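The values are calculated or read from the model by the stated rules, or taken from the named source; none is laboratory data. As the structure is a prediction and not an experimental result, all values here were calculated from the model. Positions of Cβ are generated from backbone atoms using ideal geometry, with glycine treated the same way; all protein chains shown enter the neighbour counts.
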Amino acid sequence: MSALCLRCGEPFKLRLTGGSAQRFCCDACRAAFHAAARLWALAEIEGGRLTVDQLKNTVRHSVHAAPDSQVGSEAIPVAPPETRTRRKKGGEDN
Ligand SMILES: [Zn+2]
């Protein structure tokens with residue numbers, strides 16, 4: 001079974017071992033997508049088109065969001081790219 005990568009549009013084979021839905025063909029596409037999404041969200045907030053409360057509400061309703069008591073601590077990793085550890089291909093969970 002295959003799918004199209006959300007970032008590059010290339011087809012990739014879905015893993016057969018279960019877990020959450022795969023959206024990206026590789027770690028590089030996943031990381032690039034999430035980096036762009038963070039920059040977009042920051043620009044939207046700075047431009048007044050998105051509020052922090054709206055963003056919090058979105059995170060709160062996410063399937064992967066932590067319970068309310070933990071929202072904000074680990075829901076969105078913000079470590080600089082050079083300190084991130086790469087997950088092996090197919091290890092995506094978001
Ligand atoms: Zn891709």
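Here are a few things to note about the model shown:
- Contacts under 8 angstrom Cβ, first residue in segment 32-43 being within 18 Å of Asn57 (Cα to Cα), partner assigned to a helix (DSSP H, G or I), 6 or more apart: Ala41/Leu55
- The test for being surrounded by 13 or more Cβ atoms within 10 Å (Cβ to Cβ) and modelled with pLDDT of 95 or more does not hold for Ala36.
- For first residues located in segment 17-31 and near the ligand (Cβ under 10 Å from one of its atoms), partners that are in a helix (DSSP H, G or I) and modelled with pLDDT of 95 or more and lie 6+ apart or on another chain with Cβ distances below 9 Å form the pairs Arg23/Cys29; Arg23/Arg30; Arg23/Phe33; Phe24/Arg30; Phe24/Ala31; Phe24/Ala32; Phe24/Phe33.
- Extreme residue, surrounded by the fewest Cβ atoms within 10 Å (Cβ to Cβ), among residues of segment 1-13 that are within 13 Å of the ligand (Cβ to nearest atom) and part of a loop (DSSP other than H, G, I, E, B): Gly9
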